[in-house]
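Working notes, beginning with the structure itself.
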Amino acid sequence: ELKVEQNPLFLSMQEGKNYTIYCNYSTTSDRLYWYRQDPGKSLESLFVLLSNGAVKQEGRLMASLDTKARLSTLHITAAVHDLSATYFCAVEETSGSRLTFGEGTQLTVNP
Amino acid sequence: DGGITQSPKYLFRKEGQNVTLSCEQNLNHDAMYWYRQDPGQGLRLIYYSQIVNDFQKGDIAEGYSVSREKKESFPLTVTSAQKNPTAFYLCASSTLGTEYYGYTFGSGTRLTVV
């Protein structure tokens, strides 16, 4: 059974600071997704990481994937208040089979 | 525009009632999924379907039922056997095949037991 663990689950940070969210998973997979969720809303796709060593960046967010370590990171650079949300990683076992989600990291960026 | 439509947005259920949540997609996606989200938690898979007239149980299927009579539709029924149905329900779809990737999520249905 695939397990996906995120840490930290709660993150409070000041504007302008950097931080990293970690996502570990338990079985082999080549596809990892990062999503953002605002309160009461659906999921917004941030990144899809398809291979070992993949790195993607969008604005202040950068995601990477190490399939050998079964680890993905979401790095936040110079955080701003608008980044406050819950961030989920999700792992796809095989194409289109299903996504297994981590518990989510609730990020609060304080002025 | 292509996408997934979930309805209703809010749904109230009385004790002992069955209710059905609608999910329709016009993306021509093969696979469809139902997830449940409880406050402060991640998403858990209820059921999924990769082809018409076939579906598989996810991690928390008890108290739920689905059908896939058409490629574009995957309704979820929350039965009276589901003792704690209050949650946020998300439907998703995807295309199968190693050359494809990506999931599209609907806007969700918030179900409350009254």
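Starting from the stretch A:9-57, pick out the trypsin sites (Lys or Arg not before Pro) whose DSSP state is loop and whose Cβ has at most 12 other Cβ atoms within 10 Å. Numbers along the way, then the final one.
Working: sites: A:Lys17, A:Arg31, A:Arg36, A:Lys41, A:Lys56; in loops: A:Lys17, A:Lys41.
Here the sparse-neighbourhood loop sites are A:Lys17.
Calculate the tail of P(r) for the protein assembly as shown: the fraction of all Cα-Cα distances greater than 32 Å, expressed in %.
Working: 4808 of 25200 pairs.
Result for the distance tail: 19 percent.
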Checklist outcome for this item: Under the 7 Å Cα-to-Cβ spin-label approximation, B:Thr86 and B:Asp54 lie apart by a distance in nanometres of 3.9
Checklist entry - Quick one: ranking B:Arg44, A:Arg98, B:Arg13 by accessible area, 1.4 Å probe, largest first, what do you get? => result B:Arg44, A:Arg98, B:Arg13
Item to check | Loop-located GluC sites (Glu not before Pro) in the stretch B:68-114, at most 12 other Cβ atoms within 10 Å (DSSP) | outcome: B:Glu69, B:Glu99
Item to check | Dimensionless Rg ratio for chain A, taking C-alpha atoms and the 2.2 N^0.38 Å reference | outcome: 1.01
Checklist entry - Counting Lys and Arg as +1 and Asp and Glu as -1, what is the net charge of the other residues whose Cβ lies under 15 Å from the Cβ of B:Lys71? => result -3
Checklist entry - With every protein chain present, what is the per residue accessible area of chain B (1.4 Å probe, Å²)? => result 49
Checklist entry - With springs only between Cα atoms under 10 Å, which of A:Tyr35, A:Tyr19, A:Tyr87 fluctuates most in a Gaussian network model of chain A? => result A:Tyr19
Checklist entry - For the stretch B:53-94, what is one quarter of the convex hull surface built on the Cα atoms, given in nm²? => result 3.4
Checklist outcome for this item: Pseudo-spin-label distance A:Leu50 to B:Thr5, built 7 Å along Cα→Cβ, given in nm, is 3.1
Item to check | Neighbour cut-off at most 13 other Cβ (10 Å), DSSP loop, GluC sites (Glu not before Pro), the stretch A:1-105 | outcome: A:Glu1, A:Glu15
Checklist entry - Per residue of B:83-95, how many C-beta atoms from partner chains lie within 10 Å of its own C-beta, taken as a mean? => result 2
Checklist entry - Going down the list A:Lys56/B:Lys71; A:Lys3/A:Lys68; A:Lys3/B:Lys70; A:Lys41/B:Lys57; A:Lys3/B:Lys57, which pairs span over 23 Å between their C-alpha atoms? => result A:Lys56/B:Lys71; A:Lys3/B:Lys70; A:Lys41/B:Lys57
Checklist outcome for this item: Kirkwood-based Rg/Rh on the Cα set of the stretch B:43-114 evaluates to 0.98
Item to check | Sequence-distant lysines (8 or more away, or on other chains) whose Cα lies within less than 22 Å of B:Lys14 | outcome: B:Lys83
Checklist outcome for this item: With A:Arg31 itself left out, Lys, Arg at +1 and Asp, Glu at -1 over residues whose Cβ is under 11 Å from its Cβ give -3
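The values are calculated or read from the model by the stated rules, or taken from the named source; none is laboratory data. Just so it is clear, the structure is predicted and the values come from calculations on it, not from any experiment. Cβ: placed from backbone, ideal geometry, glycine included. Neighbour counts: every protein chain shown. Note: areas computed on protein heavy atoms with side chains; ligands, DNA, RNA excluded. Shrake-Rupley method; radii C 1.70, N 1.55, O 1.52, S 1.80 Å.
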